[in-house]
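Data first, discussion second: the structure below is written as structure tokens.
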Amino acid sequence: MLASAREKNKVSCHTCGRINPLEEASCLRCQAPLHSRKKNSVQRCLALSLASIIAYIPANVWPIMIVTNLGRTEESTILAGVATFWQMKAYPVAITIFIASVMIPALKLLALGWLCALSAGWIETNPRRANRIFWLTELVGRWSMVDVFVVAILVALVQLGNIMSIAPGTAAVSFGMMVILTMLAALSFEPRIIWDNARQSATHE
Amino acid sequence: MACHFCDSLHDVELIEEGQTAYCNTCGSTLYTNRPQSLERAFAFGMTGVLFLLGMLFLPFITMEAQGSNLTTSAGETVIRLWLTGGPIISVAVAIFIFILPFLQLASLIYLCLPLLSGRAFLGMVPVTKLMQGLQSWVMVEVFFLGTLVSLLKLVKLADITLGLGFWSMIGLMLSLAAAVGGIDKLELWDRIEVAYRRRKTPNVSVEGGVEC
């Protein structure tokens, strides 16, 4: 394991990557404020994850779309939408929506909780694995927005007067909030802390 | 430089074009030497702006059902969404699909054009920060997947014809990926630093190095 910038009394700028002396307050090249590790990363990440768990519940329980068909009103939740596609035998679509709107958010929240536990030192694992999971968490987060966009397009286009119209349900907004909150949670997480812990235990052995 | 994931200190070595350096400790990508990164980012940035305009104003989709006929562009779609009871969602779509991609493309062009001739414009540092910060919030490709899914629902209800606006969206998605993915972050910051230094002392010519 190579020595970290911090052990060498250096700090790398989060914005431009320049290596600065640890005592500098702002980057010598781009003037961005310097911090060797993101501040209160575990607390912030946990708080944002908790907030998104709160938003996750209405997002799945409340209807995401309200379809009015010849005077008959039908409310559908995300899972009901997946089931409809499954019954239509559109299996790839059903699986895509299920993965993007149900699995990714849930797995992402689990991963963030696990990563926070790692950086708090409650559990231990191979830091390389933690790294890969964090990278994946950052990468897939935005794809959960798919369902919000589907609702947006359907609502805008399907306005056929009395025959059929679609209105957005309350879950659409809570779902969007949930996705944004998990993205912010991932952004506030600090993977370097896990490596600091690993370096520390390596020197103790 | 230090790894963005594990903070390991590395010396930056000159690598060949198209090659990538990985962190010794955690295996993440450190940097990639992209051939002609600024030229490409500029070219794809300009293309992207054209596609974005095309997506906003050209007919996106035509629906025919029970005698009614509807042709709409992506820009109109957002306005319709606002009017039919989804103001929050319509603002979200407008931000993630039009405003942020436009800001990203505009900042790329603002950076690359002067840097290509080694000049520095005002406020390049905040513009670069903006460009980097927007990375996770530009969601054109997610919107594209959303469009495909909703098309599958719509074909049951109406006859659908895809217009030029739809193809512009695909063009925008590809040029955004090419423009942003083609940027060599180390080179960009080095060039900015060199351009600013040259502005302060105009007679000194500085070669762009990889040291940082």
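Conditions (1) under 21 Å from B:LEU70 (Cβ atoms); (2) at pLDDT 85 or above; (3) assigned to a helix (DSSP H, G or I), marked per residue:
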| site | (1), (2), (3) |
| --- | --- |
| B:LEU115 | no, yes, yes |
| B:ALA120 | no, no, no |
| B:MET131 | no, yes, yes |
| B:GLN135 | no, no, yes |
| B:PHE143 | yes, yes, yes |
| B:LEU148 | yes, yes, yes |
| B:PHE166 | yes, yes, yes |
| B:GLY171 | no, yes, yes |
| B:ALA178 | no, yes, yes |
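Taken together, the residues in region A:1-59 that are more than 7 Å from chain B (Cβ to nearest Cβ) and either on the phi > 0 side of the Ramachandran plot or aromatic (Phe, Trp, Tyr) (or both) amount to 3.
What number of residues within region A:172-182 satisfy the criterion of being in contact (Cβ under 8 Å) with a residue 24 or more places away in the chain and out of contact with any Phe, Trp or Tyr (no Cβ under 8 Å at 6 or more places or on another chain)? Here the count works out to 7. Among the strands (runs of 3 or more DSSP E) confined to region A:1-107, the ones with at least 3 residues that are within 28 Å of B:VAL194 (Cβ to Cβ) are located at A:10-12, A:19-21.
Of all the criteria given as (1) buried (at least 19 other Cβ atoms within 10 Å of the Cβ); (2) more than 27 Å from B:HIS4 (Cα to Cα), the one not satisfied by B:LEU70 is (1).
Residues in region B:3-36 that are within 25 Å of the chain's Cα centre (by Cα), facing another protein chain (nearest Cβ under 8 Å) and without any contact (Cβ under 8 Å) to a residue 24 or more places away in the chain: B:PHE5 only. Candidates are the residues of region A:37-64 that are within 13 Å of A:LEU184 (Cα to Cα) and of a type in the set (Ser, Thr, Tyr); the one that is surrounded by the most Cβ atoms within 10 Å (Cβ to Cβ) is A:SER49. Taking region A:112-196 and the helices (runs of 4 or more DSSP H) fully enclosed by it, the elements with 3 or more residues that are more than 9 Å from every other protein chain (Cβ to nearest Cβ), of a type outside the set (Asp, Glu) and closer than 30 Å to B:LEU152 by Cα are at A:127-140, A:170-188.
Residue by residue, here is whether (1) in the same structural domain as A:ARG6 (by TED's automatic domain parsing); (2) more than 28 Å from A:LEU118 (Cβ to Cβ); (3) in contact (Cβ under 8 Å) with a residue 24 or more places away in the chain; (4) not acidic (Asp, Glu) holds:
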{"residue": "A:ASN162", "(1), (2), (3), (4)": "no, yes, yes, yes"}
{"residue": "A:ILE166", "(1), (2), (3), (4)": "no, yes, yes, yes"}
{"residue": "A:LEU184", "(1), (2), (3), (4)": "no, no, yes, yes"}
{"residue": "A:GLU190", "(1), (2), (3), (4)": "no, no, yes, no"}
{"residue": "A:TRP195", "(1), (2), (3), (4)": "no, no, yes, yes"}
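Which members of region B:123-160 meet the condition of being of a type in the set (A, V, I, L, M) and under 30 Å from B:ILE192 (Cβ atoms)? Result: B:MET124, B:VAL125, B:VAL127, B:LEU130, B:MET131, B:LEU134, B:VAL138, B:MET139, B:VAL140. On the stretch given as region A:5-46, residues that are aliphatic (A, V, I, L, M) and free of Cβ contacts under 8 Å to residues at least 24 places away in the same chain total 6. Taken together, the residues in region A:54-82 that are over 19 Å from A:ILE97 (Cα atoms) and out of contact with any strand residue (DSSP E or B) (no Cβ under 9 Å at 6 or more places or on another chain) amount to 3.
Among the residues making up region B:42-55, those that are buried (at least 20 other Cβ atoms within 10 Å of the Cβ), under 15 Å from B:LEU164 (Cα atoms) and among the hydrophobic types (A, V, I, L, M, F, W, C) are B:PHE51, B:LEU52, B:MET55. Hey, does region B:91-99 have a residue that's of a type outside the set (D, E, K, R), surrounded by fewer than 20 Cβ atoms within 10 Å (Cβ to Cβ) and either touching a strand residue (DSSP E or B) at 6+ places or on another chain (Cβ under 9 Å) or more than 27 Å from A:LEU136 (Cα to Cα) (or both)? Yes, the conditions are met somewhere in region B:91-99. Apart from one condition, B:LYS129 fits all of (1) of a type in the set (Lys, Arg); (2) within 11 Å of another protein chain (Cβ to nearest Cβ); (3) more than 18 Å from the chain's Cα centre (by Cα); the exception is (3).
Selection of region A:65-89 for residues being of a type in the set (S, T, N, Q), more than 17 Å from B:LEU154 (Cα to Cα) and surrounded by 15 or more Cβ atoms within 10 Å (Cβ to Cβ) yields only A:THR77.
The values are calculated or read from the model by the stated rules, or taken from the named source; none is laboratory data. Not measured: the values here are computed from a predicted model. Every residue, glycine among them, receives a Cβ derived from its backbone with ideal geometry; neighbour counts consider all protein chains shown.
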